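Just below is one structure, and these are the notes that go with it.
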Amino acid sequence: MSVGATGAGDARGNVARRGFPLMSYLICFGGIIWREGLRFIHQRERFVSALVRPLVWLFIFAAGFRQVLGISIIPPYETYILYEVYIAPGLMAMIQLFNAMQSSLSMVYDREMGNVRTLLTSPLPRWFLLFARLLAGTLVSVLQVYAFLVIAWMWDITPPPFGYITVLPALLLSGLMLGAMGLLISSGIRQLENFAGVMNFVIFPMFFASSALYPLWRVREGSPLLYAICQFNPFTHVVELIRFALYGRISWVSLAVVGGCTVLFLAGAIIAYDPSRGLRRLNVGGGEG
């Protein structure tokens, strides 16, 4: 480990024993939020691409399957619904999933450029730094989801008015879970070139083996094995948590699964970015470059 990293570690230990004032946490958190906000504003194509994918499914795919895949009365719906109404929560979760993977991509990029090393040598607790970055990415994804809801409203997809408020906690929790998963994945990716291949084995299986595009009772009729896979897929519970919250209801099973996975993924990411292992790995990677 380099002398600079050792000195930073000593400073971290000395300051940690004294503790930090609340203002230090707020300033650090504000700086991370500000940086992510500027990155989002300067990368306008990121905002557009986040909306293009779900809108293609909504306007093209849903229109073609409207007559084939009519949805019967299932919770939380109290009447028969059109197919595009059913897939709207899944498309909202899709936005958060892709945003989480985009955030993990930026984490890999920042690590290659050395920005992560600067972040990890801050004297503030590492769990706080990672959580602040995670929350910043989640807030960006929530803004993207509400932009999608505005367009969906123009397409006559209108949940109850209170649903736009009750869905917010579900979006925050699901965004944290997916972001923590992406953060955990980024800790194991050494080079930016390997990111696309890894994501193909994460995004598409999670999205298609879920209740985002079709109800699980239809999946069970076609393949009991796929139905079991969908039940164990955390993304299924993300979709159902958003779906129920959009209608002012709570899916307690989905809430427990999403909450538990959030804690599990975040704990794994914090351990993976542990200073004794993370800084050594970063230094080795820097030597290779």
Problem set entry | Residue list for region 142-173, restricted to those being in a loop (DSSP other than H, G, I, E, B) and surrounded by fewer than 17 Cβ atoms within 10 Å (Cβ to Cβ) | W155, D156, T158, P160, P161, F162
Problem set entry | Checklist (1) outside any helix (DSSP H, G or I); (2) closer than 16 Å to P75 by Cβ applied to W217, failing item | (1)
Seminar exercise, completed: Contact list, first residue from region 71-94 and outside any loop (DSSP other than H, G, I, E, B), second anywhere and among the acidic types (D, E) and modelled with pLDDT under 90, beta-carbon distance below 6 Å, six or more apart or interchain, is none
For this session: Kindly list the number of the only condition in (1) among the polar types (S, T, N, Q); (2) at pLDDT below 85; (3) farther than 23 Å from S103 by Cα that fails for T166.
Result: (2)
Problem set entry | Residue within region 146-153 that is over 19 Å from Y77 (Cα atoms) and without any contact (Cβ under 8 Å) to a residue 40 or more places away in the chain present | yes
Exercise. How about region 239-265: which of its residues are polar (S, T, N, Q) and in a helix (DSSP H, G or I)?
Worked result: S254, T262
Exercise. T236 is checked against (1) farther than 24 Å from G37 by Cβ; (2) assigned to a helix (DSSP H, G or I); (3) out of contact with any Cys (no Cβ under 6 Å at 6 or more places or on another chain) and fails just one. What number does that condition carry?
Worked result: (3)
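The values are calculated or read from the model by the stated rules, or taken from the named source; none is laboratory data. Quick caveat, the model's predicted, so the values are computed rather than measured. Heads up, the Cβs are rebuilt from the backbone with ideal geometry, glycines too, and the neighbour counts pull from every protein chain shown.
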